[in-house]
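Worksheet: the structure to be examined is printed underneath.
FYI, it's all coordinate maths here, none of it is from the lab. The model shown is predicted, which means the values in this text are computed figures rather than measured ones. Here the Cβ positions follow ideal geometry from the backbone for every residue, glycine too, while neighbour counts run over all protein chains shown.
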Amino acid sequence: MATVLVVDDSASLRNMVTFTLKQQGYDVVEAGNGQEALTKAKGTKCDLVLSDVNMPIMDGITLCSELRKLPAFKFTPILMLTTESSPEMKQKGKAAGATGWLVKPFNPDTLLATMKRVVR
Amino acid sequence: MSIDLSQFIPTFLEESFEGLEVMESGLLNLDANDSEQINAIFRAAHSIKGGAGTFGFGHITEFTHVVETLLDEVRGGDRAFTPSLQSLLLQSVDCIRMLLEAARDGVECESDQIGTVHQELVAELEGGAPAPATDTPQAHPADTGAQQQKGWLIHFVPEPHLLMTGNEPILMMSALAELGDTELSVLEDKLPEFSELNPEELHLAWQVQLFSDCSEADVREVFEWVEDDCELTITPLMDTAVESAPAEEPAPQVDTPVEQPTAAETPAPTTQETPKTAAKPAARKASQEAGSIRVGIDKIDGLINRVGELVITQSMLSQAGSELAEQDLPAVERLHEGLVQLERNTRDLQEEVMRIRMLPISFVFNRFPRMVHDVSAKLNKQVELKLSGEQTELDKTVMEKIGDPLVHLVRNSLDHGLEPPEERLAAGKDETGIVHLNAYHQGGYIVIEIKDDGRGLNTERIREKALENGLISPDQPLAESEIHELIFRAGFSTAAEVSDLSGRGVGMDVVRKNIESLGGHVSVQSETGKGSTFTVSLPLTLAILDGQLVQINDEVYIVPLVSVVESIQVADSELQGIAGEGRLFRFRDEYIPIIHLRRVFDVASSAATASTSLMVVVEGGGMKVGLIVDDLQGQQQVVIKSLETNYKRVDGISGATILGDGDVALILDVAGLIKIGLEPTTKHELHRKNEQLQVEEEALA
Amino acid sequence: MTDVADMLVDSRQVLTFILAEEEYAVDILRVQEIRGWSAVTRIPNAPDYMKGVLNLRGAIIPVIDLRLRFGFGARAYDQTTVIVVVWVNSGDRQRSIGLVVDAVAETYAISNDEMSPAPLMGAGVEPDFIEGLATLDEKMIILLNLDYLLNSGDLALDESGSE
């Protein structure tokens, strides 16, 4: 089954996402910020990345552009979890190589529905 | 599918409360030029807002949203961080805290403050704020010929790099298929020669007829993430006219957004790479946030329990090993060496594990800048708060319980210690008073000092009050320090006196009681005109303690070493002689009551009656007593176990531990013991005897 | 856990023990451990049936003498005397409590058909302590209501809620 890298500095949100994904049979790798995610990404084959934007140490935008530099992540869908649905923020995400976004707050159903747009 | 989100709420609340701390301390010390700091504050608000939305606290999201927007403007330099904004944001922090607390307790938050602050926030936002860039919400085109429309004709020409954004056309097509029936045709005309084909690029295009009554927005949503990475035209599919039209020539007459090239059909409009902003945010400087993991306290306590077991097992082995010591065998030698090593490793392990529960006292200190800020403003005093030793660590449980007593002591310094500016000037001091909180380790204790440079305790006034309240008798000679200690006595401060100054109904006696219930101690030093220092010392952990083992008949009890003043041997005659029933004992320059543990604990008496007894003089609840025991058995560090886990609280007992032989021994609660062991008549007697003693001493002098 | 099991099957496994010549039973899922009698640490000023506390692999658990609890009069502890450690639901948590009994007897499966409600007048044991009676091989065994028995008297939860 597919592996999803979940990156958010909020443990509660991460727990919720992880729980939802695991219930659907996904494998989940969690990280609390971009730096940690990048480290973990290097050792993991991921089928999807779900990342928060605003995080300490390394934000989601930087993470995204760093991930795109890794050969294994060239085509991997990366969805930004963002509360800011402003065109500017989306533009920034896209520029960094993000696939799409999911606007917070979201519920488990929205999450799964959105994921269907990028993973089989 | 339904997932019960409530299971994540405790974590959400926990991290939100932490976020509020960050906001509060950040707002108090905000340096407008420190972008990382304002970012941290913003991030905290942002996370609370996001989490609140996810977990169904819409009202918190709504409230926090305004706060976040203001912070964002400050962050972006569009709004000045004025003192009035600071104060408003601090109030917002309070409001969010109230809202979260109400959410935690499952009640409605009834405070009027929330509405008021929310209005102020909105007013502030609308006042000086730059007009938000009006985000034109998809100008709705006039629906033309909706009646005949049976769907949409979609012309989708992705840029070659589309796959590298992680998007996948096949999934988009299946998303369209979910909206209705589709007829697809693939346009291969841009496919380069095989020799030039780059397998990572995409050169196909699609034309889709979607038969559905969905809206254009629904269709657009499918392509939402790629609209900048493709040419997209969406035209209504008309009942007759369009169906006959050749599919490859869509008429882009209607409402295509501005970025759409009008000449969509021109062969190969060559990939004009969408100008991507190359400016990549400079990698954030790795801040000092050390890598950490969040672990449930129950897991840590489990670990601590296991290590406790290990310590017990280790001491059992040591005991068994020492019994083998006489055997002159090489194996015994090695066994002994191994046991010594085991002991050392076990101690180290225990220490390390205990440290997991330890947090820096800054968690408690952090609340003071805010409190001092608010209270000093209310009292019209100028106060500088100094903090030092914030990194001194102590157990989380102790920390949770020490907060309130410390707040009380700091408030006391602000209320009573520091003078108003004019009085300070008159006394030749700087008009800004100083309150200094300091923490450091000493032995197995953490010492916290609350020091002010105010007027000091009013010795005369305290004495008068103690007299009024019958705590001391007239003419009782007391050293200045002894008078100062009186403020900790129950019945010293009356509610009337406290309320007019700080509105609190508790006195210093409660502070002392709370500190002592943690196995700690509080004292005060004061110098008139120079200031006072309150010194609180607390055990670093509630998980272990140093104990004195005492024996009564064949029962072993543990007296916390911190309460032991002295152990002395006394002749029975000394116990009998005074006051007829052996209830008081002359210890140094005072009388202390005697508690026969045998009687209080109803221990079966042994046949042999010794002519001397051992007395352990202990102090608790501000009072010294002598505990009569049969024997002393040495001192050792013990792991504290609760009796309440499987049984219940027992008067005079604070817990239990497991000794090296596996037996359970009970730990004495000295203050509780004094409460149950002393009869009122004994207390009267004590009072009378000590007064008498004073008189005699005076006569001698 | 036990409640679910009770609903799913129409019989249950019990452990029986002897107390003053009578055979008593507890649900076997409630039994945590059976151990021989060993000295316990006395709790000061507790009732006589509260024998004290015991170290059960690092947990401090109270031990009560069931004979004394039921008012049967003491019997000297000997080779057969055992402590049956059981789980008890107390409010929203579980406690472990040790019961001193004369001897352990058997384990049985008792079907619900074999159960009859507790008589109003028991043989000295408070009717509330008894969940029901069962007749097996012409023998009567008394099924104890542990949650009631072991949350009463000295084992009642503190009203003050000191936890």
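For the range C:64-137, the relative contact order is 28 percent, taking Cα pairs closer than 8 Å that sit 6 or more residues apart in sequence and dividing their mean separation by the residue count. A DSSP coil position with no more than 15 other Cβ atoms inside 10 Å describes the following GluC sites (Glu not before Pro) in the range C:1-95: C:E21. Sorting the segments C:137-144, B:35-42 by their residues' average number of neighbouring beta-carbon atoms within 10 angstrom, most packed first, yields B:35-42, C:137-144. Across the range C:36-45, coupling constants 3J(HN,Hα) worked out from phi with the 6.51/-1.76/1.60 Karplus curve, θ = phi - 60°, read x, 5, 9, 4, 10, 8, 5, 9, x, 6 Hz, and Gly and Pro carry x. Based on every Cα atom in the range B:299-356, Rg and the maximum pairwise Cα distance Dmax equal 13.6, 44 Å.
With Cα atoms defining each centre, the range B:386-431 and the range A:1-61 are spaced 43 Å apart in the structure.
In chain C, the ratio of gyration radius to Kirkwood radius, Rg to Rh, stands at 0.95 when only Cα atoms are counted. Counting, for every residue in C:91-102, the Cβ atoms of other protein chains within 10 Å of its Cβ and taking the mean gives 1. Near the amide H of C:Q32, within less than 5 Å, lie the amide hydrogens of C:V85, C:V86, C:W87, all on another chain or at least 5 residues away, with H placed in the peptide plane. May I ask you to derive the FRET efficiency for C:V104 and C:E126 from their Cβ-Cβ distance with R0 = 22 Å, giving the value to the nearest 0.05? Given R0 = 22 Å and the Cβ-Cβ separation, E is 0.45.
Counts of other chain beta carbons within 10 angstrom of each beta carbon in peptide B:172-185 average 1.
Residues in the range B:295-312 carry Karplus couplings, in order, of 10, x, 5, 5, 5, 5, 5, x, 4, 4, 4, 4, 5, x, 4, 4, 4, 5 Hz; the curve used is 6.51 cos²θ - 1.76 cosθ + 1.60 with θ = phi - 60°, and Gly or Pro positions show x. 3J(HN,Hα) along the range B:358-363: 7, 10, x, 5, 4, 4 Hz, from the Karplus curve 6.51 cos²θ - 1.76 cosθ + 1.60 with θ = phi - 60°, whole Hz, x for Gly and Pro. Take B:378-386, B:432-440 and order them by the average number of nearby Cβ atoms within 10 Å per residue, most first; the result is B:432-440, B:378-386. Take B:404-415, B:101-112 and order them by the average number of nearby Cβ atoms within 10 Å per residue, most first; the result is B:404-415, B:101-112. The tail of the calculated P(r) for the protein assembly as shown, taken as Cα-Cα distances beyond 55 Å, holds 37 percent of the pairs.
For chain A, modelled as a Gaussian network with Cα springs under 10 Å, which listed residue fluctuates most, A:P87, A:P77, A:P108? Among A:P87, A:P77, A:P108, the largest GNM mean-square fluctuation belongs to A:P87. Cross-link reach is defined here as a Cα-Cα straight distance under 25 Å, omitting same-chain residues fewer than 8 places apart; for B:K641 the lysines meeting it are B:K299, B:K396, B:K401, B:K513, B:K675, C:K51.
Counting Cβ atoms of other protein chains within 10 Å of each residue's Cβ and taking the mean over peptide B:637-643 gives 2. Per q in 0.10, 0.11, 0.22 1/Å, what log10 I(q)/I(0) does a Debye calculation on the alpha-carbon atoms of the range B:5-128 return? These q points yield log10 I(q)/I(0) values of -0.28, -0.34, -1.31.
The helix-only estimate of mean residue ellipticity at 222 nm for chain C, built from DSSP H runs of length n ≥ 4 each weighted as -39500 (n - 2.57), is -2000 deg cm²/dmol after division by the residue total. Could you check how many percent of all C-alpha pairs in the range A:3-115 are farther apart than 22 Å? Of all Cα-Cα distances in the range A:3-115, 21 percent exceed 22 Å. Under the simplified labelling scheme, the C:T81-C:D48 pair shows an inter-label distance of 1.4 nm, with each label point 7 Å from Cα along Cα→Cβ.
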